[in-house]
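The structure under discussion appears below in the form of structure tokens.
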Amino acid sequence: MSIDLTTTLGPLTLCSPVIAASGTFGYGTETGTEVDLRRIGAVCVKGLTLLPRYGNPPPRLIETPCGIMNSVGLENPGIDRFIEEVLPRIPPSLKVIVNIAGATLEDYVTLAAKASIPRVSALEVNVSCPNVKSQCLAWGLDPTATFELTRAVKASTHLPVIVKLTPNAPDVVKVALAAEQGGADIISLVNTFLALSIDVERRRPVFSNTFAGLSGPAIMPIALRMVWQVAGAVGVPVIGMGGILTARDALQFLMAGASAVAVGSANLRDPAAIPAIVNGIEEFMEREAVSHVSELVGAARPEGPSNRGAGQAESRRRTGHCPENESADALFQSRA
Amino acid sequence: MWKQENAEVLEVERLLDEVFRIRFRADRIARDAAPGQFVHVLCSHHHSPFLRRPFSINRLDEDELSVLFKVVGEGTRLLSRVTPGQTLNLLGPAGRGFPVNVSGAHVVLVAGGMGVAPMPALAHRLLAGGNRVTAIIGARNARYVFEADHIAQCGAEVLVCTDDGSAGARRSATSMYRSLPDKGDIAYACGPLPMLYEMKQCVVTPLWLSLETRIGCGTGLCLGCAQPSGYTEDGQVVYRKVCTDGPVFHASEVILLEH
């Protein structure tokens, strides 16, 4: 039978439901011909800031049981050098999602405008980086801030806007609804969990920034629960991620209601992890006689599968929940 | 460019209680490998340890390569228990190795402890290129002197030194280097950071250093293995990636701190 992996996320169409998560696949230029990029739905590039950032001092990455902690600190060449020097080197077959991270609302607006060029397929608004001293993470902890930021970014780009949520928010569903109300086309979650490791000989935290982000299989069940909750609450498509290592892990996220998934830490263990996961999804679909990947989306939910790609978000938005001048907080109370 | 290869374990040698050499058949990787590059070994098919473990290429043949390592944690413990006939997923050759396109030069190799690991392949290649090689091998005691005979058999002049004088001279590898009447044309060093720091202070020729650090992906994706490399005009530290910019760096490319 013919298997169709084409994935529609509102205005964004991908050749496969598996995306390379930001910060775990570089710029798509590092793996040469050794990884079959045609199997990868898109690469979410390492978070970009207005000015170059040199990143945090080492150590930046340690292993934990079934996972890793990182504190890279958004090392990146800055948006201008990325567009001039890096973007042209990304293989043309690979769709590019630009992850943007700022300290102020103006930073995000400028970044969104600069990144809105034809080679870029979508923007991912990083409101959840735990490893920089500026206020990146703070945006994603607060529904009102997320609403305002999303609205501002949306107004400064024609590209589909993905808002990447942090699992560290007190109520991730409220933040997701805020992003949707702000105009997000797609919600992605989760970024890393704020975590701590202590060097007992030195009697100090391992990381210079004290806390760092935990990812990998260790956090997968929690991420999956959050994706389930958010997918049940919002009308826009959801990209689910958090510790996916195998095709079965990815299938769980799809069945929880994610329309696509992103793979992160697994790329660091095996740079060919995504093609292997896509092959595994395809084998599962063949075995289960599933012809289109969208049939799996939400399959484990009580309300059954849903095709979130096909304009559901639009219809939800038209139902009157989005008066521009109503206070964001009031909206979330009515929806949550 | 690195490749991934399921490599067959041909031989596991236990050189000491906790020091092992594993020889692999890995023709795709061995074919392109250069001394000083590393292989990134998947030590577990389960979730833990999650990441691969990097090892300098120790000896290199047409379709075979070996790694020499000390058991220091869970990954190396698992690796030490493999048996011939098993296959392990290797990623390599990874990183930038030592410059080996020199000829007619006198090259001095300085190894401290397990830093001797890349020296056999390096000495072999340099000698084949028509160079004269002097190898200084420093270790804590006679039991920890590895590869001295092998490197000598390749045709290098080998000078052994130990902390307690149980083999060779009782001095450090760097003090041995300082005492050389002829310091050669170029020096390559691999060993603990304090040794590399000292080498950088006392060297009088061009010097290349192989750094050992924790490496995440090994392919430049994660930016986890940052090595301070210089400063911006406004004093910010600039980093280089040990996994793809190194692990071998020219001494001027890295900032090493006194320990």
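Legend: residue pairs A:LYS95/A:LYS174; B:LYS200/B:LYS241; A:LYS164/B:LYS3; A:LYS46/B:LYS3; A:LYS46/A:LYS154; B:LYS183/B:LYS241, Cα-Cα distance threshold 27 Å; pairs beyond threshold, A:LYS95/A:LYS174; A:LYS164/B:LYS3; B:LYS183/B:LYS241.
Comparing mean-square fluctuations of B:LEU196, B:LEU126, B:LEU78 from a GNM of chain B with C-alpha springs under 10 Å, the top value falls on B:LEU78. The distance linking the range A:257-310 with the range A:17-32 is 18 Å (Cα centroid to Cα centroid, whole angstrom). For the pair B:ASP17 and B:ARG178, label points projected 7 Å from Cα toward Cβ lie 3.3 nm apart.
Of all DSSP bridge pairs formed entirely within the range B:143-259, close to 55 percent run antiparallel. Work out the FRET efficiency for A:THR104 and B:ASP164 from their Cβ-Cβ distance, taking R0 = 45 Å, and round it to the nearest 0.05. Taking R0 as 45 Å, the efficiency between A:THR104 and B:ASP164 is 0.15. Modelled this way, with points 7 Å down the Cα-to-C-beta line, the labels at A:ASP4 and A:THR144 are 4.5 nm from one another.
Between A:SER22, A:SER291, A:SER306, the Gaussian network model of chain A with springs among Cα atoms under 10 angstrom shows the greatest mean-square fluctuation at A:SER291. As a rough footprinting exposure proxy, the listed residues B:TRP208, A:TRP139 were ranked by other beta carbons within 10 Å of their own, and the order from fewest upward is B:TRP208, A:TRP139. Measuring r between the beta carbons of A:ARG38 and B:VAL204 and using R0 = 60 Å, the FRET efficiency lands at 0.70. Spacing of the modelled spin labels on A:SER208 and A:ARG248, each 7 Å from Cα toward Cβ, amounts to 4.1 nm.
Its relative contact order, with pairs defined as Cα atoms under 8 Å and 6+ residues apart, puts the range A:78-185 at 25 percent.
So how far, in whole Å, is the C-alpha centre of the range B:166-186 from the one of the range A:148-197? If you average the Cα positions of each part, the centres end up 60 Å apart. Could you tell me the relative contact order of chain B? Use alpha-carbon pairs under 8 Å, at least six residues apart, and round to a whole percent. The value is 17 percent. Projecting the Cα atoms of B:SER252, A:VAL18, B:LEU126 onto the charge dipole of the protein assembly as shown (Cβ charges, centred on the Cα centre) puts B:SER252 farthest toward the positive pole. Under a Gaussian network description of chain A, with springs only between Cα atoms under 10 Å, the residue in A:TYR27, A:TYR108, A:TYR54 that fluctuates furthest is A:TYR54.
Between the amide H of B:VAL133 and those of B:VAL107, B:GLU157, distances stay under 5 Å, these residues lying 5 or more places away or on another chain, with hydrogens modeled in the peptide plane. Estimated from helices alone, the mean residue ellipticity of the protein assembly as shown at 222 nm is -7000 deg cm²/dmol (sum of -39500 (n - 2.57) over DSSP H runs with n ≥ 4, per residue). Relative contact order of the range B:103-241, taken over Cα pairs closer than 8 Å and 6 or more residues apart, is 21 percent.
No lab work stands behind these numbers, since they all come straight from the coordinates. Model, not experiment: these values are computed from the prediction. In this analysis, Cβ positions are derived from the backbone assuming ideal geometry, glycine residues included, and neighbour counts consider all displayed protein chains.
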